[in-house]
Each structure stands twice: as structure tokens, then as C-alpha cells.
Amino acid sequence: MRWKIILAALLACAAPAEARELRPASLPPEMVYHIFVRSFADSNGDRQGDLAGIRQRLGYLQRLGVTTIMLTPLYPSQFYHNYFADDFAGIDPEFGTKQDFAALVRAVHGRGMKIILDEEIQYVSDRHLWRTSSAGQPESPYSRFLLYRDAQNRVPVPTLLGTNAFTVWPGQQRQVFTVNLAEPKVQAWFAHYLADWADPDHDGDLSDGVDGFRIDHMMDDLDNAGVLKDLLAGFWAPIITRLHAVNPKLRFIAEQADWGDGADFFSKGRVDLVFAFPIWSAAGKLDATGFAAAITRSNVVIPPGRSQLVFTENHDTPRFAHGAARRAEILRLGAAITMLTGWVPSLYYGQEIGMSGTQTDDYAAKGDQPANADARDIPLRQAFRWVPDPMAAGNAAWYRAFPEAYHTPDSNVPGDGASVAEQDGKPGSLLSTYGTLAVLRARWPALARGATRVVAQQGNLVLIERHAGASKALVLFNFSGETERANMPLPRSAVRRYGAAHSGGGTSLVAPPYSATVWTTAP
């Protein structure tokens, strides 16, 4: 009943002409919302996004059509993004406590939603017990938990960029060390650690556990260094098998570090989902040929019962609105690509209101001053705009606490329209477009969970078919800034449900610039 109410409420966000054809179904299709925790919602006025803030905003997310929230790492870390743990088992105190997390899980599950945790387990910080207890101490019980070049544990194996030392926001000197994933005790430790999140009490009641994990920087040969190899089959597949025995519905999402199609992650690593990087690449370039090719390739590499997250931006990529120069028609096309292409749509927080941002060179190495390794990405991770003023209560502008360390202006400014307050309930807004597309997916099974195939690609136009049983739909994308015409015949039974493409006479279709149009067809 709750979802019926939520889906009915979504109609209020839809443009009136579109809403007349939409009637909410009883259960929504899956839709992931990717949250950069520190930036999403501040509940206590310290300008740090936190778990209570997320819990307080679940109603907003559910009205948007979100069924699953995917959180960036929660464990304590000296790094603002929390990807290098000081302690895997804890919660960053700026985010809250384990009790706050338990309350969030209860609230998420109480709404019939799911929660996914992001895990970066290949590295730890210099404050982690495995480092402090093993450095120079080969007799430590954690002696083999990290990689060293010598038997006395004095020379660590370099990480990532060929070093262990980094300058990071806000001007800290920090170190990162590589976890020895080839050590059987490490694999056993992480299998138990992830099981703790899936079933905290180990009582078989999974209602208090998470619903899956996003595995960051997943590789078969870590950092292509030739030191930790065959990790997909040798490390990850056994852990995933073991965790699926705890909860068969638990899902593992690979963030494939090569940003490829993910074929090996399915076949060797046994993951449940990958990220649709080829679709993301084509969308960002407005590349019709690449988009069609990516869909066709996806149908080859994704095994039955597995899937991929279709996205147009995340915490490592430029915001789609940046590449689109915030042009409304391109932002609506990006929304349609995310929501209608198929598989599982994944929105990055703020995408639905058109937040912008791209990496900055303001913190590159200058003279004797080293580069700041992670400040350059803050423009991709700025405070979600609940209201236009970035410093207003609720907006998590944590990066403004140290103006000398981060002085880049926000990518969005008050009055540019990129806030919930300025768009909520406003027909024609980007937020209302996402609401309309969410209801469209819920109304038509083909758009909700149907398979995808390319019917035709001509120039800048791509026509795809979505089908689930007797439900069929056609979606026409125009990646061009011009009105395009192509010979793409529609079935006589086709009824337009969204968009403005139309017949140009005979078997031709005419599509407006930067547009998506949906037709449903009779079986």
C-alpha cells in the first residue's frame, strides 16, 4: 500500500499532458540512488552529511521512485571520502554511530527499500591496526595482512600511483598501504566482516542487515602490478559464494577498475551487477553509435539473472550537467538515458536537480608544493542543494570548513534553479521529469524490467525495443542538437506515451533535438 501511495504522489510531479496516460502500478521497478554520504544531508548543523540526515530524507527519495540507496564508505577514515579505512568495523563519528546506522536500516526496510554499502578493502590508512601493529614487527599476528617487500616489514609495497604517501584534503600528509589479499587469513577476515553487515546478530534474521555491497576499484590484478593476481576467481568468487549462503538475495556490485564492459567480473568473480561504463561513456559524448554498440555488447556479456547499473554520472566522473552545459533539453535526454535504457537505473545524488561539477586543477603541484590528491574531486561531491543557499541548514557544505584548503567556488550558485526547493512540484523542471519517467517505468512492465535490444541506429538516432512478456515499448533517442529524420517504421499499434517524436509520413520518424520518445505497442 505504501508504494501505491508513493507512486500516486509521483504523478503530482509529472507534466499534466504526460500524467493523463500514467496510472501507478502496485510495486515500483528497481532504481538505485548513489549517495556521497558526507555531502547529502546534515541533520545536526555541523555541515557534515550524516546517517540521520539520510534517514530524514527517505520520503523524498521514495517519492522520486528510489528503491535502493547505495552509500559511500561509512568506516572511520582520515580521508574525506572515507575510501581508506582507519578501522573497517566502525562508523565515522561525523556520520553517526552504529545505533544511527541500525536506525537507518530499520527505516529503509520499513519502507520496503534496500541499502547497499560501498567497500574499498584493498587498502588501509596509516592509522589502521594492521599497519601500526605490523610495521617493523614481523612477529605481529597481522604481519601478513599487508604487503611488504622485506621480511622485517620495513618497506611497504607501493599502492595506486606507485607511492604510499599522499597529500590530501585539507593539506594532510597521509599514507595508504596495500592489503595482502593473497593471505588466506585476510580472505577469511573479510568474509566474516561482510557477513557481519549482512546479518549483524548472526541469528538468521536478515532484516537488520544490508542488502548488498558495492566493491570499489575491483580488479583481477590489483593496480596491474603483477603482485596480487587472479583476485576475481581466487579472492572474490569464494567470498561472494560464502555470503550468498548467508543471504541468497545479497547482491555484489563490481565497480570494475578498468571501466570496461565487466565480462570477466561476471565469469570469474561471480558478481551480480557491474556498472555500465560503455553506456556512460557514450551518453557523456552524446554518441549514438557508441550507445547502440554498448547496448548490443551488454546483451552478449551479461549472463542470465545478472544485470548492470546504467548511469550518467558518479563520484569519480564529471557531472552530466557539466558536459551538457546545463541545457535543459540535454539534461532531460540524460534523464531518459538513465531511466529508460534498461537494466537498473542508478542516479547519483543531485543528478535529478541538475547539479554540475567537474574535476579542478586548482590543487595541482606548483613549485615545491605537492599536488593535493583528492581535493580536485570535491566539485563532483559538493553539498546536495535542498535549498538554493549552499550554506543553509541541511546542506552539507563540509568542504567550506577550511577555506585555505579548498577555495574553488561551488559549481552551482544560488538562483540557478538547481535545488529541490526551486524544482519540487514545478511542471517542466528536471526533478519533475525524473518523477514522470519513474511513473512511466512503474506503469509499463517493459520499461520496468524488460530486456533491451537495438532496433535501428541511423546517424544520431537510436531506436531500442524493451520487452517483458506481452508488454512491449519502443524508445527513440535523438543525440543531436538538430531535428532528425530517419526511416524507422513503427507498428500500427504504437501509442506515444512520452516525448514529442512523430511520424514524418510513410515509415519515417521525426525527432526533436536532444529528445527521447516512448511508444507502447500491443502484443
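The values are calculated or read from the model by the stated rules, or taken from the named source; none is laboratory data. Keep in mind that this is a model prediction, so the values were computed, not measured. Quick reminder, even Gly has a Cβ in these numbers, built from the backbone with ideal geometry, and neighbours come from all protein chains shown. These accessible areas exclude ligands, DNA and RNA; they are computed on the full protein's heavy atoms, side chains included. Shrake-Rupley method; radii C 1.70, N 1.55, O 1.52, S 1.80 Å.
Couple of notes before you dig in:
- The Cα center of region 363-386 and the Cα center of region 113-182 differ in position by 23 Å.
- Each Cα pair under 8 Å and six or more residues apart adds its separation to the average, and for region 234-347 the resulting relative contact order is 21 percent.
- Charged neighbours of Ile115, selected by a Cβ distance under 12 Å, balance to +3 (K, R count +1; D, E count -1).
- Averaged over residues, the count of other Cβ atoms within 10 Å places the peptides 99-109, 325-335 in the sequence 325-335, 99-109, highest first.
- Stretching Gln359 away from Glu482 to a fully extended chain increases their span by 41.3 nm, per 0.36 nm per residue minus the current alpha-carbon distance.
- Measuring nothing but how far apart in sequence close Cα pairs (under 8 Å, 6+ apart) lie, relative to its length, the chain scores a relative contact order of 15 percent.
- Dipole orientation for region 369-440: of the candidates Ala401, Leu431, Met391, Leu431 has the Cα lying most toward the positive pole (charges on Cβ; Lys, Arg +1; Asp, Glu -1).
- Coupling constants for region 66-76 follow from the phi torsions by the Karplus curve (6.51 cos²θ - 1.76 cosθ + 1.60, θ = phi - 60°), and in residue order they are 5, 10, 9, 9, 10, 9, 5, x, 9, 5, x Hz; glycine and proline get x.
- Shape call, region 114-204: gyration tensor on alpha carbons, a/c limit 1.5: oblate
- Overall form of the chain per C-alpha gyration tensor (a/c, 1.5; a/b vs b/c): prolate
- Within the accessible area of the chain (1.4 Å probe), percent carbon and sulfur: 52 percent
- Phi-based couplings in Hz for region 449-461 (Karplus 6.51, -1.76, 1.60; Gly and Pro marked x): 8, x, 5, 10, 9, 7, 7, 7, 9, 10, x, 8, 9
- In this Cβ point-charge picture (+1 for Lys and Arg, -1 for Asp and Glu), the chain has a dipole of about 2060 debye about its Cα centre.
- For region 58-123, the dipole from Cβ point charges (+1 on Lys and Arg, -1 on Asp and Glu) about the Cα centre works out to 560 debye, to the nearest 20.
- Prolate/oblate/rounded label for region 428-523 (Cα gyration tensor, a/c 1.5): oblate
- Simple rule: put +1 on each Lys or Arg Cβ and -1 on each Asp or Glu Cβ in region 220-273, find the dipole, and look at Ala254, Pro238, Ser267; the Cα lying farthest toward the positive end is Pro238.
- Between the C-alpha center of region 204-241 and that of region 277-341 there is a gap of 25 Å.
- Using a cutoff of 8 angstrom between alpha carbon atoms and counting only pairs six or more residues apart, the relative contact order for region 247-294 works out to 31 percent.
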